[in-house]
Amino acid sequence: MSAADGIDDRELVARFLRARDESSFRALYRRHTPALYGLALRLLEHRSADADDVIQDTWIRAVERLNGFRWESTVRTWLASIAVNCCRERLRNGWRWVQEDDTLPERGDPEVPPLELTLAVDRAIATLPAGCRGVFVLHDIEGRTHEEIGALLDISPGTSKSQLFHARRHLRALLR
C-alpha cells in the first residue's frame, strides 16, 4: 500500500495532472480497475483477453481526457462510461468469439453445484443481445439506475427499462 492509497480521487487526479505523478496514477488504477474489469468481463461475455484490452483502452482514453473531467459524477462512474463505450465499440465492430461449450446445465437438475450454477448464469447472460446484456449488467449487477444507464448507453430510461424486462424474461426462460 502506498501513501497515495488513502487520498481521495480528486486529490489523486490533481496530483497526476500537476506532475504526472506515477504513484497517484497507480493508486487510481488499483482503486478502480477491479470494478471496471468486472464490468468489461460481463459485457464481453467473460472473454478475459478482450476485457484486458478494453481496460487498457479505457485507461488510455481516461488519461487523454482527464484534464477535461468536470466532476459532475464520480471518477468511477466516468471511467465506467468510458469502459462501456469501449465494450460497445468492440461488439459493434463485429467482434464475437464463439465459446466451444455453449451449453447450459439441464433444466430441472436439482444437484447443480453452485459453481456450475454461476457458470450457467454467466453463459445465459452471454446469450443476451448486446443491448439487453449491457442494461442487465449495469442495472442488476452494477446497481445503476435507468437514468444512469440511459446516459452511459445513450438511450432513454424507458428503453433501458424495456431492455431489462426482455433480458430478465430471456434469462428466466433459459434458467428454468
**Fill in**
Residue set Leu138, Leu175; condition closer than 19 Å to Arg47 by Cβ and not assigned by TED's automatic domain parsing to the domain that holds Glu89; output residue Leu138
**Item:** Answer from Trp78, Trp59 - the residue that is in contact with a Phe, Trp or Tyr (Cβ under 9 Å, 6 or more places away or on another chain) and modelled with pLDDT of 95 or more
**Value:** Trp59
**Prompt:** Going by the structure shown, is Ala27 under 14 Å from the mean Cα position of the chain (by Cα), at pLDDT 90 or above and of a type in the set (Gly, Ala, Ser)?
**Reply:** no
**Message:** Being farther than 30 Å from Leu17 by Cβ and modelled with pLDDT of 80 or more is the requirement here; does Arg47 meet it?
**Reply:** yes
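The values are calculated or read from the model by the stated rules, or taken from the named source; none is laboratory data. Values in this document were obtained by computation on a predicted structure and should not be read as measured data. Glycine gets a Cβ as well: all are built from the backbone with ideal geometry, and neighbour counts include every protein chain shown.
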